[in-house]
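The values are calculated or read from the model by the stated rules, or taken from the named source; none is laboratory data. Just so it is clear, the model here is predicted, and its values are computed rather than measured. Neighbour counts are summed over all protein chains in view; Cβ atoms, including those assigned to glycine, are modelled from backbone coordinates with ideal geometry.
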Amino acid sequence: MITCRNAALFIFSTFCLIFPSAARSNEVAELNDLLNNYAEKQKEISLPFVESRNALRAKYEAMLKPLLANATRQGNLSQALVVKKELEGLSLGRLSELAEDVPEDLSRLRNIYDSELEKIDTKEKEELGKLIPLLIESLDNLEIMLTKNARLNDAVVVNSVKVRFQKESTNFVASQSTSPSETISRSELERRREEGGKLRIEGAFLPGMPAMIPELDKLPSDFISVFAFRSSWVALRANGKSLVIGLNRDKTVVESTDDMNIRLIGNGYDAFIYTKDKMLHRLVNWELNHLNATISNPIALAGGHATGLLLNSRGDPEARGGSTLAVPPEDFRRNIKALASTKHTFLTLSEDGVARIWNMREGREMKSPELEARKIERIEGGQSHYLIEDIEGHVIAIDVSGSSAVSGFVPNFAHSPHQIRAGGNMSAVQMLDGTWKAWGEDNALSDTVDRAGKANDLDLYSGESSEYVIWIENPTD
């Protein structure tokens with residue numbers, strides 16, 4: 001499945017109002033003003049392109065409806081269903097790739113639509129890219145002014161933001177030379193993942209304990225998925241078997257758990273796993289704890305700090321740990337398709353794209369204007385932030401470390417990705433060419449992610465002593 005904006009390599013959306021690691025508490029008012037102004041200019045530039053895309057979709061819809069009517073009139077069920085699916089995907093902003101045997105008229109119209117959409121996206125990218133050098137210049141001037149006024153700590157904060165935007169500017173220039181032939185479809189990436197690959201890990205599990213595990217080279221090469229948490233990681237093999245890493249302060253121990261029959265792995269801070277025998281397992285302090293569960297067919301699972309939450313399709317909860325305040329109210333849990341967590345919050349995502357944040361310690365909703373204004377497609381939870389993709393391919397970060405939910409920093413390269421990841425204080429995306437890019441407080445981990453190349457799958461964690469990246473090698477990379 002691809003978004004309607006898949007034709008462009010990098011699409012720009014609203015930037016941060018507050019830079020999470022630098023200006024979270026408004027310590028540098030001038031910096032926040034600068035970033036706010038930058039975000040407003042982005043909105044102004046993007047508005048006509050948003051309108052152009054909406055007009056293009058309406059035109060495409062008007063062309064598809066006669067095709068559906070004609071196929072229906074002729075009693076051609078297969079063609080009618082194909083066109084109907086295209087119309088439904090267009091209305092949701094999630095067009096799927098067309099099969100080779102679709103009707104010729106549909107294929108022709110879709111090619112025209114994709115071509116026109118690419119023109120709009122490319123022009124928007126060019127116009128938004130012009131803002132980055134201007135922002136860097138303003139940040140440089142602000143840094144100089146703060147230094148002259150002996151506000152050295154504030155100047156350091158501004159410098160860190162400037163360096164990140166300089167790196168982003170380099171990525172933008174590189175993206176200008178990337179040809180459409182270098183993109184890889186999501187279906188092709190899924191096919192590569194299903195073929196499996198070798199596990200790789202770099203980083204540190206504890207201070208002074210590098211994440212070097214010699215046993216990895218002896219493991220099979222059929223791993224398809226990896227999940228990184230604060231005190232454990234899980235890797236799934238193609239046959240449904242799993243592998244869990246155990247750790248104490250003297251050595252690392254790889255524990256094969258081939259008989260677990262994993263059905264669901266939590267999305268968030270702590271590792272919670274649901275297995276076929278209706279057991280909920282919590283991986284904490286590198287040990288496997290077994291907990292009985294009453295939900296037989298859960299569709300969503302997430303784990304906050306010592307608090308796990310299972311939900312079935314009706315939103316019925318099964319909570320482990322925490323107080324009764326941890327469970328979101330019924331209206332949060334209705335029609336759920338996904339669940340994520342940070343250390344102290346849950347994020348629910350409904351089938352109709354509504355995402356809401358629940359503070360599990362205080363038993364209250366954390367409102368987010370960013371979420372309320374969007375239809376959400378995918379969610380990921382880190383230590384104190386969420387990484388979220390809407391149906392248009394825009395990626396946003398929501399920082400929930402304080403008393404309210406605020407927008408976080410997302411670099412331009414992160415938009416319209418194949419995959420999103422949030423781990424600890426870091427975030428990562430898989431780009432349209434199959435490579436992975438990361439950002440956050442740990443530059444060393446970002447470099448490690450760069451070295452992972454076109455990994456079949458990747459996850460990462462940084463925070464509370466652990467700083468590591470785990471990925472599955474792409475044999476052809």
**Item:** Residue in the stretch 420-427 that is within 24 Å of residue 343 (Cα to Cα), surrounded by fewer than 24 Cβ atoms within 10 Å (Cβ to Cβ) and of a type in the set (A, V, I, L, M, F, W, C) present
**Value:** yes
**One residue from 100, 118, 104, 88 being of a type outside the set (Val, Ile, Thr) and touching a residue at least 60 places away in the same chain (Cβ under 8 Å)** = 118
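Given the residues 378, 364, which is the only one that is in contact with a Phe, Trp or Tyr (Cβ under 8 Å, 6 or more places away or on another chain), among the basic types (Lys, Arg), assigned by TED's automatic domain parsing to the domain that holds residue 227 and surrounded by fewer than 22 Cβ atoms within 10 Å (Cβ to Cβ)?
Details: 378 fails: in contact with a Phe, Trp or Tyr (Cβ under 8 Å, 6 or more places away or on another chain).
Unique residue meeting the criteria: 364.
Could you check the stretch 292-310 and list, in sequence order, the residues that are closer than 15 Å to residue 281 by Cα, in contact (Cβ under 8 Å) with a residue 24 or more places away in the chain and surrounded by 16 or more Cβ atoms within 10 Å (Cβ to Cβ)? Full working, then the answer.
Narrowing the stretch 292-310 to residues closer than 15 Å to residue 281 by Cα: 292-296, 298, 300-310.
Filter once more, so that each one left must be in contact (Cβ under 8 Å) with a residue 24 or more places away in the chain: 293-294, 298, 300-310.
Those that are closer than 15 Å to residue 281 by Cα, in contact (Cβ under 8 Å) with a residue 24 or more places away in the chain and surrounded by 16 or more Cβ atoms within 10 Å (Cβ to Cβ): 293, 298, 300, 301, 302, 303, 304, 305, 307, 308, 309, 310.
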**Prompt:** With (1) at pLDDT below 75; (2) surrounded by fewer than 16 Cβ atoms within 10 Å (Cβ to Cβ) as the list, and residue 5 as the residue in question, which single condition is left unmet?
**Reply:** (2)
**Item:** Hits in the stretch 89-128 (condition: hydrophobic (A, V, I, L, M, F, W, C), within 22 Å of residue 54 (Cβ to Cβ) and more than 26 Å from the chain's Cα centre (by Cα))
**Value:** 106, 109, 112
**Message:** Only one of 263, 230 is of a type in the set (D, E, K, R), outside any strand (DSSP E or B) and modelled with pLDDT under 85. Can you tell me which?
**Reply:** 230
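State whether the residues of the stretch 325-345 include one that is of a type in the set (S, T, N, Q), touching a helix residue (DSSP H, G or I) at 6+ places or on another chain (Cβ under 6 Å), crowded, with 18+ Cβ neighbours inside 10 Å and assigned by TED's automatic domain parsing to the domain that holds residue 402. Full working, then the answer.
In the first step, residues of the stretch 325-345 are kept if they are of a type in the set (S, T, N, Q); the result is 335, 341-342, 345.
Checking the rest, the ones that are also touching a helix residue (DSSP H, G or I) at 6+ places or on another chain (Cβ under 6 Å) come to none.
No - not one qualifying residue is present in the stretch 325-345.
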**Asked** When you go through 446, 407 one by one, which is the residue that is assigned by TED's automatic domain parsing to the domain that holds residue 205 and touching a residue at least 60 places away in the same chain (Cβ under 8 Å)?
**Response** 407
**Request:** Please go through the stretch 233-260 and pick out each residue that is at pLDDT 70 or above and β-branched (Val, Ile, Thr).
**Result:** 234
**Prompt:** Has the stretch 183-202 got at least one residue that is at pLDDT below 80, closer than 30 Å to residue 474 by Cβ and of a type in the set (A, V, I, L, M, F, W, C)?
**Reply:** yes
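Scan the strands (runs of 3 or more DSSP E) fully inside the stretch 269-370 and keep the ones with 1 or more residues being under 22 Å from residue 402 (Cβ atoms) and among the hydroxyl-bearing types (Ser, Thr, Tyr).
Details: elements: 271-275, 279-284, 287-292, 300-304, 307-311, 317-320, 336-341, 345-350, 355-359, 364-366.
Where strands (runs of 3 or more DSSP E) fall fully within the stretch 269-370 and carry at least 1 residues being under 22 Å from residue 402 (Cβ atoms) and among the hydroxyl-bearing types (Ser, Thr, Tyr), they are 307-311, 336-341, 345-350.
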**Those strands (runs of 3 or more DSSP E) lying entirely in the stretch 391-477 with at least 2 residues modelled with pLDDT of 85 or more** = 395-399, 419-423, 426-430, 436-440, 457-463, 466-472
